[in-house]
1. Return yes or no: is Thr192 under 14 Å from Leu11 (Cα atoms), at pLDDT 95 or above and in a loop (DSSP other than H, G, I, E, B)?
2. Return the residues of region 293-320 that are assigned to a helix (DSSP H, G or I), without any contact (Cβ under 8 Å) to a residue 60 or more places away in the chain and more than 18 Å from Phe119 (Cα to Cα); say none if nothing qualifies.
3. Considering each residue of region 94-108, count those that are over 23 Å from the mean Cα position of the chain (by Cα) and in a helix (DSSP H, G or I), and give that number.
4. Does Gly460 satisfy the criteria of being surrounded by fewer than 18 Cβ atoms within 10 Å (Cβ to Cβ) and at pLDDT below 95?
5. Here's a check for you: in region 5-32, which residue that is in contact (Cβ under 8 Å) with a residue 24 or more places away in the chain and part of a loop (DSSP other than H, G, I, E, B) is nearest to Ile217 (Cα to Cα)?
6. If you go through region 433-444 one residue at a time, do you hit one that is closer than 27 Å to Gly182 by Cα, touching a helix residue (DSSP H, G or I) at 6+ places or on another chain (Cβ under 6 Å) and part of a loop (DSSP other than H, G, I, E, B)?
7. Can you name the residue in region 231-277 that is over 24 Å from the mean Cα position of the chain (by Cα) and of a type in the set (Gly, Ala, Ser) and is also nearest to Asp132 (Cα to Cα) among such residues?
8. Within region 490-549, can you find the residues that are under 21 Å from Val565 (Cα atoms) and among the charged types (D, E, K, R)?
Amino acid sequence: METLETDILILGGGSAALHCALHAFDKDPSLNIVVAAKGVIGKGGCSRMVQGGFNVVLNPADSHERHFMDTIKGGGFLNNQELAWTLVTQATRVIKELENHYGCFFDRNPDGTIHQKPFAGQSFDRTVHKKDLTGIEIVSRAVDQVLKRDITVLDEHRALTLLLDKNGEAVCGALILDIRKGTFLVVKARSTVVATGGGPSMYKYFPVAMEKSADGIAMMYRAGCEMVDMEMVQFHPTGLMVRGSIVAGTVLEEGLRGAGAYLYNVDGERYMERYAPDVKERATRDVVSRSSYMEIMAGRGFEHGGVHLDASHLGAEFVEKTFPGMHERCADFGYDLARGPVPVAPTAHYFMAGAAFDRENRTSLPGLFAAGEDTGGVHGANRLGGNGIADSTVFGSLAGESVSMHAHELPLLEPDSDLLEHAVEHALAPFRKSNGLTPFHVRDRLREIMWAKVGVVRNGEDLKSAAEEIEEIRQQLDEVRVRGDKPYNIEWNAWLNLENQVEVGYLVARAALLREESRGAHYRSDFPKRDNEKYLKNFFVRKTEDGPTFESRPVKLTRVRPEDVK
C-alpha cells in the first residue's frame, strides 16, 4: 500500500467538496489539500445533475426571515434552527461569490438583475438558475478554479474506511481504493472532510448519480460518529418513468410545477386539487410525492405504473426555451415534454439524514468535518427544492474556512494498524470465494424491500419486517463472490456499494420505526397525524458493540416555535 500525508483530506467531488477545497486554499495557500473523488470531478456526482436552482434572498421585497420560515415550515420544525439560519443568511454572500469570484453566470431579468423563479414551498420566488442546467454551471466553474490552484485531485479514488488513531478517538485520514489500479492508498490527514453526497440508491427508483451509495454516511456511522434523523428520506414527486432503463426515476425538476405544469391521474383528474387545494402542484415535495403514490396505489395510475405530468398548456416554445435539459432528456425516451404528457412517479431523491454537525462543520469525532448531503439537521423532515445545492455550496465553503483555521492545530496522527489491516482484508474477502451470490442479485432484493416497506408510505409492521430482512441481507454479504481483476472491477465496486446501502437502509428502517407519527417526508399510515407533544424531537444514533443505539432529544427551538406560525 502507498501512503500519502496531507493537511486536509476532502472526500467527494461535488459542490460541497470543491468549494471546501477552494475556501481552504484561499484562506491558507500553504496548506496541503487532497480531494479524493469516487468519480471524475466535474463529470460525476449529484451536484452536476441539479436542474432547478439555488434558493437565495436577493430581492429587497424578500428577506432572510422569510426564507428561514419557509425552510423551517417545510422541515416540519425538526430542523436545527441555527444551521437553517446559517444556510439562508450565508446563501446571499455565496451566490455573489459564485458569480463575481468563481465565474458562474445565472439567468438574467431584462434589467440585468439575476432572475429568480418560483419553487414549491416558498413564499417568494427566490430560486436562482441557469435555465434548467444550474448544477453544471456551478460545478464546472468550481472545477475550473480548483484546477488553477495547487490542490491535489485524485479522480476515481473511493474512500472505504475512515481511519481512527491508536486510541480509537480521532479520525486521522482514510483508506482509499484507487479504482483505476485496484490498489489501496492510505491517506493520513490532520483534518478529514466527508462531502461524498448521500444518494438513496438502496431504493428501487432513484435519480442520483450511479456511483452514489451513501458511502459517507455509512463510513461516518461505522467510525462512531453521531448521526441524526435517519428516518428522513425525501422522495421527489416527478421521477421520469422509463421501464427497463437505469435512468428510471431521473428527476423532472419542480421548476416545471412552479411554472404551472399539472399532474393528472388515469381518470384525467388534476388530483392535487383534492390533496392541496390552495397550492396544488406547488405543494412541498413530501405532499406531492405522497399524493401521487396514493393515487397510484388506489389504482388511478397509468399502465406504466405512474401518473402524468403535463406542461404542454404552457406553450411549446416556452417549455423548450426554459427547460431545454429536461426537454432533451424526455425526447431521448420518446416523450415530448413541450407538447404532451410525460409519465412520472415518486423517486428516492435525498437524505435529510446524516452526521450531526455544528456551524463550523465539526462532527462528534475529533478531526472529522462534514458538509452537504452527508450531514443532517439543516432541512429537518423535508428539504425545499433549491435548498440542496445551496446547502452543499454554503456549508462546503464554511467547511473549507473551518478546516483551514484548525488544520495547524491538529497533529498528524498515526492510524490504528489493526483497524487498517482489518479494513484491507475485509475489502478483499469476496475475491477469496470460488462461488457464491452476485452483488447485483442481493442489491435488487434490498431495493425491492426498501421501496415496498420503507418508502413513501410506511407502517410499523412493514418496517419491522424490513429491518429483519435487511439483517438477512447483511448476512448474505459474506456469501457474495467477486470475479476478475481488481482494476475497474464492476462487481467489486457493486459489493462495496452494497455494504454501505445495507448499513444505511437498516438505519432508515430502524429510525422510521421509532417515529410513531407523520412529519414531512416520513409518513406512517398507522400514525397519520403529526404529534408535537411526543415527537417534536430528533433521533440520534451511534454505533456500539450491540449495534445502533438510538437516543431522542427535544428539538432546540432557538428562533421560532410551532405555535408562533399561523
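1. Values: under 14 Å from Leu11 (Cα atoms): yes; at pLDDT 95 or above: yes; in a loop (DSSP other than H, G, I, E, B): no.
No: the conditions fail for Thr192.
2. Result: Glu295, Ile296, Ala298, Gly299, Arg300, Ser312, His313, Ala316, Glu317, Glu320.
3. Of the residues in that region, 4 qualify.
4. Criteria not met by Gly460.
5. Gly12
6. Yes.
7. Residue satisfying both the conditions and the ranking: Ala259.
8. Hits for region 490-549 are Glu517, Arg519, Lys529, Arg530, Asp531, Glu533, Lys534, Lys537.
The values are calculated or read from the model by the stated rules, or taken from the named source; none is laboratory data. Everything numeric in this text was worked out from a predicted model, so none of it was measured. Positions of Cβ are generated from backbone atoms using ideal geometry, with glycine treated the same way; all protein chains shown enter the neighbour counts.
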